[in-house]
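Written below as structure tokens is the structure these notes are about.
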Amino acid sequence: MKEKAICFENSVFDDLARTRTTLEVLPNLRRLCWDTSDSHWKSCHAIPFMHDKITEFAFYPDYNDPVLLTTDIVARMPSLTSLTCISFGRHDPSKHQQLLKLLSEWQKLQEVTLPKNFLDDRFLKTLSLLPELRVIQFDTLGGLPGLTTPTIKSTLEDGAFPMLYDLCLHSTLDDMRHYLTGGALLPRLKNLSVESVHPEPAQTVQQFFVEVTRCYPGLETVSVDVIVSIRRQDSCEPLMPEEFCPLLSLHQLVRLELRHNLPLQISDIDLTELGAALPSIESLVLNPEPLLLTKPRFTIRSLLSVAQNFPNLLHLGLYLDAQEDMTPPAPSVPGTRMFPYLRTLNVGVSAIGPDHIPVALFLSHLLSENERVVIQSGVSWNKELFRGFRSSGYSAAVQTRCDRWNEVVKTLPLLWQLRREEKAHRQDIEKEVEDLRMRNEVLMGKMQVNGDAKSGRVIDNKCTIC
């Protein structure tokens, strides 16, 4: 963990390199992470720790101190299967050649994590030739305005990425759509995450979904972030149900995540249609933290529809209106549970009134059979999105909502405890009623026998003599 890291002086590593008794320092080391984000000219100190048993390596590409990029670290770590390159500050594309050369030489790589603004045509071409590569990921999420957007003007060639099943891309939607669908296709692609920091027109979003779902009908994960800085969001267009219709054809979809500056314009009816078409969904994130705090389309009672239409959910994120209609949900059908597998409910920046008790009561009913749910709120986008935005009202509104949701979280355990006690008390009463019923049946049986005896009816050897 970086927060637990200990910083050593250069002399410590110099002494270690000079006095070591074996070529392999820490021979049992399998994962090496070399953090030089807070210092310079220390990359060379990582070299003594490299050996052929290391399979995971993470580092910062410091072009002012290019020792790691110029040293023959490929020969020192030939078994590497996972490489993480973390960028800090602005990068210089003209100096990427050394890193590209390293990537091309690690033929056993299975997983690569790069800064999102590195993934241009040159990097994608180099990575496409790695025979074992399975995963390409970002280093960060949440949008970073001001960074150079990678240029992707090429298309996939035959034989590219033969093993790749998990891909993250950062560019414009048109460029990413053309790259994915304009040439050869990825034969094993299952998980796709794309991010754009440009105000994409609604028609562009729809066209992206149409062509990608047509070319990759077996997708299991789709994550699309279209987010711009709060100063530019006036040029954003709201996304309507028709933009998402192509997703209904992905019958193997397990995870769907959509994020946008503006609240999604989909309703409970659209949720029902989505649930009917995608019964296997386990993670559903529908823009819980838009940057524009307009009135949500979903109310807190929409959670009932979600529970009925998505029975396998593990993670749910929604932008809700939790200010009205707080009547408790109707009792569920005996033997059924609402959200039986849910572990996380992310309400983001959902609207909530000053009185949090009705919301807590509603959720205590809804989640009474699943108390392990973690309720999250707040904004996870990069703080750079809000740079230059001077309105204190926005920050105050978000903070107020989060504080109220935190009160809901604090209140729920007490309400759940009361419901457990109420349930136990109800079960005790039901047992007493059942016991009284049985006693009454026995008593009535005895009374019937006594009445038959007085009337002259004798029972013997299963024969009745009148």
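Computed quantities for the displayed model
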| quantity | calculated |
| --- | --- |
| Residues of segment 182-214 classified as over 21 Å from the mean Cα position of the chain (by Cα), among the charged types (D, E, K, R) and closer than 24 Å to residue 110 by Cα, total | 1 |
| Conditions (1) surrounded by 10 or more Cβ atoms within 10 Å (Cβ to Cβ); (2) touching a strand residue (DSSP E or B) at 6+ places or on another chain (Cβ under 7 Å); (3) at pLDDT below 80; number of the one not met by residue 405 | (3) |
| Selected residue (only one of 216, 179 is surrounded by 17 or more Cβ atoms within 10 Å (Cβ to Cβ), closer than 20 Å to residue 125 by Cβ and among the hydroxyl-bearing types (Ser, Thr, Tyr)) | 179 |
| Test: residue in segment 193-208 that is surrounded by 16 or more Cβ atoms within 10 Å (Cβ to Cβ), among the hydrophobic types (A, V, I, L, M, F, W, C) and in contact with a Cys (Cβ under 8 Å, 6 or more places away or on another chain) | yes |
| Qualifying residue in segment 165-175 (condition: buried (at least 18 other Cβ atoms within 10 Å of the Cβ), at pLDDT 95 or above, out of contact with any strand residue (DSSP E or B) (no Cβ under 7 Å at 6 or more places or on another chain) and under 21 Å from residue 209 (Cα atoms)) | yes |
| Those residues of segment 235-267 which are part of a helix (DSSP H, G or I) and crowded, with 17+ Cβ neighbours inside 10 Å, in sequence order | 243, 244, 245, 246, 247 |
| Matching entry among 393, 388 (being under 30 Å from residue 228 (Cβ atoms), over 27 Å from the mean Cα position of the chain (by Cα), assigned to a helix (DSSP H, G or I) and modelled with pLDDT under 80) | 393 |
| From 188, 90, 122, residue being of a type in the set (D, E, K, R), at pLDDT 90 or above and under 30 Å from residue 287 (Cα atoms) | 188 |
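The values are calculated or read from the model by the stated rules, or taken from the named source; none is laboratory data. Worth saying up front: this structure is predicted, and the values here are computed from it rather than measured. All Cβ positions, glycine included, derive from the backbone under ideal geometry; neighbour counts span all protein chains shown.
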